[in-house]
Amino acid sequence: MQVQTEYYAPIQSEVSEFSEKLTEIDYQFIHFTDERCRVRVPRLQKDEEYANKLNWLVECFDFVLSVRISLPSTSLIVSYEPSVPILMVRESLLDAIQKASEVELPPGTVPQKAEPRPDIDWMERLGLPVLSLSLAVLSTQFTIPIPALALSGLVAVAAAPFVTRVFETTVKERRLDADILDALWLGLYTIKGDFVGPSLMLSLMETGDALRDATARASERQVADLFSEMDKYARVERDGKEQQVLLSEVQKGDRVVVYPGEIIPVSGRILRGTALIDEHKLTGESACVTRSEGHVVHASTIILEGKICILTKRIGENTRVGLTLKLLQSAPVHDTRVEDYAAKIADATIVPTLLLSGAIFALTRDVSRSLAPLHLDFSHSIRIAVPSSILAALTYAARHGIYIRSGRALEILARTDTVVFDKTGTLTQGNAQVIDIKTVSDDISETDVLELAASVEQGNTHPVASAILRYAEEKNIHTKLCEAWDYRIGFGVVAQISGEAVFVGSSRLMLQEGIDLNTIHQRYPEIRSGSNSTVYVARDGKLQGVILYTDPARLESVEVIATLENQGQQTYMLTGDSKRVANCVASKLGIKSHHVYAEAFPNEKVEVVRKLQSQERTVAFIGEGINDAAALAHADVSISFASGIDIARETADVVLLDDDLRGIPNAIIIAKQAMDIVYQNTALIAIPNISIVLAGVLFAFDPVLGVIISNGSALVAELNSFRPFFSPGLNNDEQVKEEKNPKYAVVNS
């Protein structure tokens, strides 16, 4: 099944070809498969009437098979006929999302209440298989007279859901699935009058399926419960006084006060106070932690002692618990290559297996031996064990501040051998500071240069632009209105002020516009030899001056580069900055000089990624700005920060929720451990299955024992999948570092 993961910004900012009316309701496509899609619509959680109308509208489409609305993740989940083009499905859904607020439900229509994933009904799932097994054992082992017709009928009823699925796959989709081997084995042994084997197989298969569903439900409920336990109100400091407001009204930047015994409602940095905090429901760690001024705290954790005031950074679905829930609701966990390969191999062996079974019967006339090859189906067991392993790993990663979007991303991350970093805002703090301003002559003042630069940089979100604007504010500079404005990616900004063209950007922008830089380089030769970065300012074709700035490296960057190198990763750095600055930063961080690419435009970053991929390397790219979007899209696995720009964050395969680079080596460790478990599970399932087939053919192996070994190995593999939940915490020294250096937490908040 091909999964297409697509992320859209809110619809107000999208130019849609479908309808000019699509300007009101926000939406976000989470993922598409060839028969299922998920769309996040925030309004669903706030407007029950809208949710009911949307549910009714979507159900009216001819191609829709089923509709479900998930309130915890504010998502619309639609299953549709595989033959329908994705473009048609998308267009229809977008139209319905916008029209749902205006349509009227027909009289007598009963609204379908949106509900989260239902609980597992163990009696319904296992009742009939276990009953049929019990009666079969009583009949054969204790010679209790139970009519064979009754037993065969009970086994047939218990097998009906499984056989129905096989029938739909074979007839409706016109393809052979490996499950047909199990169905034949069940049917032939039941006809033969051996009821223990078929009923035991059904019991073990249904137990495995139910256990997998229960794992998903338990993980989802655990996070959903964190939301449900949170109070609807929060105490916010405004005008020096504490006010109780609705949690939905809390904004980024608000100061939230939390008392002992209360659940922290937002994620952010502590401004004052010290508290003992219980984080076990969020992280799984049983030990309580002490947090004080400068430390980061997360929503849904509980204060046991103390009182703190928090500067709000994230709210609601943008907190770690919110993103974790969204992950559990939307992450495709069935899209790993291991599972794909297992299914393809199993499907390819169907016809040869049937031919082998027929040949054995023709030669031996032994029914038991001829049915033994039908045990060769191990794809069903892998389809149970692999998603459980992936889900456990994704949940474990989310608890540790790492949001991995899918099983495929986890699988690729485990194979990664090359990690490529953008510099500005990724390896550096993205908190640039203006150091000095140089002018081409004494007739031009530093104030004139700063005024031009600040006027042009208004509205630009680049870290350097923010630094210039902050510096201008400190100097009480009044900006001017731009009559025209154009941002040139990788170069800078071109604007028009008072009828004159103003250029603010790199030396490449000046050279592109034919502006001479020799004058200022001759006057200040240190500009070309120092370690500071530069922004040139020109007006009306003439250079006015240059702004020198610095962007300190993140405090954890050196440690992360060293850790990745120790893991066997090759680290690279790409930047649009000059070679001089890039080499200076790289040498401090421990990145080899020949692994540094400076003055790189967005398209050149893509070329570097492709070059590394052509060397048969699996490349992870880490970036957070608009300049990095193309490279993120072309990398094998893309990584960004929760605080990055929307396009980087929403398209990344991995998002670091705590904006801490140490999440990268941790994510690789989690991915490798998860894939080790997947391969272990594959071996646990494949080896016993192949052994049983050989024993059955050669020695007329007891079919009941074969079922126990075959399906029992699947249950062992399923239990093995839970191991990530019990793994030790990552970065055990992180707490020590935070306690010793509170500023560490401030930088990474």
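Of all positions in segment 469-488, none carries a residue that is in contact (Cβ under 8 Å) with a residue 40 or more places away in the chain and hydrophobic (A, V, I, L, M, F, W, C). Looking only at residues of segment 38-84 that are among the charged types (D, E, K, R) and under 19 Å from Ser248 (Cα atoms), we find that the one that is nearest to the chain's Cα centre (by Cα) is Arg40. Might you check whether a residue that is under 28 Å from Val78 (Cα atoms) and modelled with pLDDT of 80 or more occurs anywhere in segment 116-139? There is no residue in segment 116-139 that is under 28 Å from Val78 (Cα atoms) and modelled with pLDDT of 80 or more.
Ala714 - would you say it is in a helix (DSSP H, G or I), of a type in the set (A, V, I, L, M, F, W, C) and within 28 Å of the chain's Cα centre (by Cα)? Talk me through it step by step, then tell me what you get.
Numbers: in a helix (DSSP H, G or I): yes; of a type in the set (A, V, I, L, M, F, W, C): yes; within 28 Å of the chain's Cα centre (by Cα): yes.
So Ala714 passes the test.
Among the candidates Thr428, Thr424, Thr418, Thr395, the residue that is at pLDDT 90 or above, under 29 Å from Ile668 (Cβ atoms), outside the structural domain of Lys542 (by TED's automatic domain parsing) and of a type outside the set (A, V, I, L, M) is uniquely Thr418. For Val493, the test of being in a strand (DSSP E or B), surrounded by 19 or more Cβ atoms within 10 Å (Cβ to Cβ) and touching a strand residue (DSSP E or B) at 6+ places or on another chain (Cβ under 8 Å) is passed. Among residues that are at pLDDT below 90 and touching a Cys at 6+ places or on another chain (Cβ under 7 Å), Ser531 is included. Can we say Ala683 is more than 16 Å from Ser370 (Cα to Cα) and in contact (Cβ under 8 Å) with a residue 40 or more places away in the chain? For Ala683, the condition - more than 16 Å from Ser370 (Cα to Cα) and in contact (Cβ under 8 Å) with a residue 40 or more places away in the chain - is not met.
For segment 629-662, a residue qualifies if it is surrounded by fewer than 21 Cβ atoms within 10 Å (Cβ to Cβ) and in contact with a strand residue (DSSP E or B) (Cβ under 6 Å, 6 or more places away or on another chain), and the qualifying residues are Asp636, Arg649. Of the residues making up segment 641-672, those that are modelled with pLDDT of 90 or more and not β-branched (Val, Ile, Thr) number 8. Every condition in (1) under 25 Å from Gly706 (Cα atoms); (2) modelled with pLDDT under 80; (3) hydroxyl-bearing (Ser, Thr, Tyr) holds for Ser152 except the one numbered (2).
Reported count of residues in segment 222-246, each being modelled with pLDDT of 60 or more and not charged (D, E, K, R), is 8.
Here are some residues: Ile677, Ile687. Which one is modelled with pLDDT of 80 or more, farther than 30 Å from Gly294 by Cα, among the β-branched types (Val, Ile, Thr) and surrounded by fewer than 17 Cβ atoms within 10 Å (Cβ to Cβ)? Before the answer, list the steps.
Details: Ile677 fails: surrounded by fewer than 17 Cβ atoms within 10 Å (Cβ to Cβ).
After ruling out the rest, the residue left standing is Ile687.
Which of the helices (runs of 4 or more DSSP H) found entirely inside segment 540-625 contain at least 2 residues meeting this: farther than 26 Å from Val502 by Cα, of a type outside the set (Val, Ile, Thr) and within 27 Å of the chain's Cα centre (by Cα)? First the steps, then the outcome.
On the way: elements: 557-566, 579-589, 602-614.
In segment 540-625, the matching helices (runs of 4 or more DSSP H) lie at 557-566, 602-614.
Restricting attention to segment 527-569, the residues that are more than 22 Å from Gly425 (Cβ to Cβ) and touching a Lys or Arg at 6+ places or on another chain (Cβ under 8 Å) add up to 4. Could you tell me whether segment 83-102 includes any residue that is part of a loop (DSSP other than H, G, I, E, B) and either under 27 Å from Ile315 (Cβ atoms) or at pLDDT below 75 (or both)? The answer is yes; a qualifying residue exists.
Rundown of residues vs (1) surrounded by fewer than 24 Cβ atoms within 10 Å (Cβ to Cβ); (2) among the small types (Gly, Ala, Ser); (3) in contact with a Lys or Arg (Cβ under 9 Å, 6 or more places away or on another chain); (4) assigned to a loop (DSSP other than H, G, I, E, B), yes/no style:
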site: Ser388; (1), (2), (3), (4): no, yes, yes, no
site: Ile435; (1), (2), (3), (4): yes, no, no, no
site: Lys438; (1), (2), (3), (4): yes, no, yes, no
site: Thr461; (1), (2), (3), (4): yes, no, no, yes
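Scanning segment 566-577 for any residue that is of a type in the set (Ser, Thr, Tyr) and surrounded by fewer than 20 Cβ atoms within 10 Å (Cβ to Cβ) turns up nothing.
Each residue in segment 440-459 was checked for being on the phi < 0 side of the Ramachandran plot and in a loop (DSSP other than H, G, I, E, B), and 7 of them qualify.
The values are calculated or read from the model by the stated rules, or taken from the named source; none is laboratory data. Just so we're clear, the structure is a prediction, and the values are computed from it rather than from any experiment. Glycine also receives a Cβ, built like all others from the backbone with ideal geometry; neighbour counts cover every protein chain displayed.
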